[in-house]
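Here's the structure we're looking at; comments come further down.
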Amino acid sequence: MNHVLIVFLDGVGLGEANPETNPFMHARMPALAARLGVPHFTRAAAGTVNGQAALLGLDARLGVSGLPQSGTGQTALLTGRNAPALLGEHVGPYPTPPLRDLLARESMFASLKAAGRAVAYANAYPKRFLDRLARGTGRLSANTLAAHLAGLTLRGADDLRAGQAVSALFSNEHWPEPHAALPQVSAYEAGQNLAGITGAHALTFFEFWYSDVLGHKQERENSVAILARLDEFLAGILSRLNLADSLLLVVSDHGNFEDWTTKKHTFNPALTLVIGDSAPELAARLAALTDVKAAVFDFLGVA
């Protein structure tokens, strides 16, 4: 059985190769640079493909005017439907009722469960978040909402202790419950833990939202530092992932983080990495956010 691991990066596009505006021009990302053969992830490098890896920029505008937003972008990625076109606009950050209905019917998570395939949502959440969700008062991204609507388990501190979940910032040092007594793990070890979850699931999904926060705040030093940590995290994943039967997709929903000239979203294509033995074939099928679901399902052999 094939496996897909999706690492979702909120608000990361491919920008200009300009060190004055783009944090990717300053970051050291040796693991990914060596695998892809490019020193920096920029719009000019999009389309780089080798035997096991590809760097792509996916269309997040989808033929609709206005700046791309998370609600419609994540819904388009998860369902394969042009959510902005269905609404006539880009909306976000949180899903509107029509997006919620679409996610409930057609998200990757719901569709795979209906096909009898196992799906894991690997993020760990603190107890107060899970309690709010149980009360119906929590605000969820489209990704997390889709997981909740599909009946996936949302993981917590116990799963972190068992190495069966990943904290929002990769390592456990910033976990918001100081008395949780969590083991300390590096970003590399967190990546290894995430890769370990994939073997029992057709699809494993992890959402990293902090990139969008940094893009809006324009914290330059932290932006460069988080890219180094991301590289370490992905290196940990790749140290354990069997690329013969597993595919790693690093995907985003819109641009933001990659441009220091604006605190708003951008029109840049959404950063996408495809890593695995099937990367060249899969990369050839990916041009827009709406292409991701079909490519994933074909790799998994799901109609």
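If you average the alpha carbon positions of region 129-148 and of region 244-283, how far apart do those two centres end up, in angstrom? One Cα centre to the other: 25 Å. Quick one: among Ala45, Ala114, Ala147, which has the greatest mean-square fluctuation in a GNM of the chain with alpha-carbon springs under 10 angstrom? Among Ala45, Ala114, Ala147, the largest mean-square fluctuation in the Gaussian network model of the chain belongs to Ala114.
Pick the calculated Kirkwood radius over Cα pairs in Å for this structure from (1) 19.0; (2) 21.4; (3) 20.8? Correct label, based on the coordinates given: (1). In the structure shown, the pairs Lys263/Lys293; Lys113/Lys217; Lys264/Lys293 are assessed against 32 Å; a Cα-Cα span above that value is assigned to Lys113/Lys217. Diffusion coefficient of region 117-198 by Stokes-Einstein, Kirkwood radius over Cα pairs, 37 °C, 0.692 mPa s: 249 µm²/s. When both bridge partners sit in the chain, DSSP labels roughly 45% of those beta bridges antiparallel. Projected label points at Tyr94 and Ser65, each 7 Å from Cα along the beta carbon direction, are separated by 2.9 nanometres.
When shorter helices are ignored and each DSSP H run of at least 4 residues is given -39500 (n - 2.57), the per-residue value for the chain at 222 nm works out to -11000 deg cm²/dmol. In this structure the amide hydrogen of Ala120, modeled in the peptide plane, comes within under 5 Å of the amide hydrogens of Leu203, Thr204, Phe205, none closer than 5 places in sequence on its chain. Applying 1/(1 + (r/R0)^6) with r as the Cβ-Cβ distance of Ala118 and Ala225 and R0 = 41 angstrom yields a FRET efficiency of 0.75.
Arranged from highest to lowest average of other beta-carbon atoms within 10 Å per residue, in what order do the peptides 255-261, 27-33 appear?
Details: 255-261: 23.9, 27-33: 17.3.
The most tightly packed comes first, giving 255-261, 27-33.
Our note on the geometry: Cα centres of region 86-108 and region 66-84, 7 Å apart.
Bear in mind these aren't lab numbers, they're just calculated from the coordinates by the rules spelled out. Just so it is clear, the model here is predicted, and its values are computed rather than measured. Positions of Cβ are backbone-derived with ideal geometry, glycine not excepted, and every protein chain shown enters the neighbour counts.
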